[in-house]
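Okay, structure first, notes after.
Read-outs: derived from the displayed coordinates by stated rules, not from any lab. Keep in mind that this is a model prediction, so the values were computed, not measured. In this analysis, Cβ positions are derived from the backbone assuming ideal geometry, glycine residues included, and neighbour counts consider all displayed protein chains.
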Amino acid sequence: MGVRDEAGWLEGVQRAPSPNFDARPAGLAIDLVVIHAISLPPGRFGGPGITELFQNRLDPKAHPYFAAIADLRVSAHFLVRRDGSLVQYVDCGHRAWHAGVSSWRGRERCNDYSIGIELEGSDTTPFTDAQYETLIAMTQCLCDHYPVRHIAGHSDIAPGRKTD
C-alpha cells in the first residue's frame, strides 16, 4: 500500500468518489488522522448504506433511520470494512467532510488539516482483527507520506457531540 499520486489516492484501494469534499486551506499540513465508527443502518454491517450516504444516494425509504440522514452531505477519506477491505472516497489532498464542528489541541476545523478514516462498526461492537491490520498498514502509509503528528478519535475532537 502506498500513496499513488500527489492528489493522495492510495494504490490498490477501491475508489468510490464522493462529491462531498472541497479544497483545503492553503499552507496547512495534514498532521491529524481522525478515526470514526459508522454502520448503516445502525448496528448492521456489509450493506451499501455507507457508500450511498457518502455519494448522496441514500434512499430515505430504504430504512426508517435513513429518512433523518438522507440529506446530510458528509464523507470521509477512507472506510475500513469488517473484512479489512478498504474504500477511498476522497483523495487526501482535499478536505473530506467528516469531522463537523471540531477542535484538536486548540485548533478548530479539523477537516482542514486531517484525514478521516471510518471503521465499519459501532460503539458497542468490537472491531475485527482484519480492520485493525488494515488500519495499521494504512496509518503507517499516511504517516510515511504526510507529516501526521496526531491520531484521535471523533469523540476526542468533538467531545460531548460524538461518541465514536
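Count of segment 101-121 residues, restricted to those that are of a type in the set (Gly, Ala, Ser) and either crowded, with 19+ Cβ neighbours inside 10 Å or in contact with an Asp or Glu (Cβ under 8 Å, 6 or more places away or on another chain) (or both), is 4. So is residue 86 surrounded by 14 or more Cβ atoms within 10 Å (Cβ to Cβ), touching a residue at least 60 places away in the same chain (Cβ under 8 Å) and among the hydrophobic types (A, V, I, L, M, F, W, C) or not? Criteria met by residue 86.
Which ones in segment 69-98 are touching a strand residue (DSSP E or B) at 6+ places or on another chain (Cβ under 6 Å) and part of a loop (DSSP other than H, G, I, E, B)? Once the filter is applied, which keeps residues that are touching a strand residue (DSSP E or B) at 6+ places or on another chain (Cβ under 6 Å) and part of a loop (DSSP other than H, G, I, E, B), segment 69-98 yields 75, 76, 77, 81, 82, 90, 92, 98. Is there a residue being in contact (Cβ under 8 Å) with a residue 24 or more places away in the chain, touching a strand residue (DSSP E or B) at 6+ places or on another chain (Cβ under 7 Å), surrounded by 13 or more Cβ atoms within 10 Å (Cβ to Cβ) and part of a strand (DSSP E or B) anywhere in segment 21-28? Scanning segment 21-28 turns up at least one residue that is in contact (Cβ under 8 Å) with a residue 24 or more places away in the chain, touching a strand residue (DSSP E or B) at 6+ places or on another chain (Cβ under 7 Å), surrounded by 13 or more Cβ atoms within 10 Å (Cβ to Cβ) and part of a strand (DSSP E or B).
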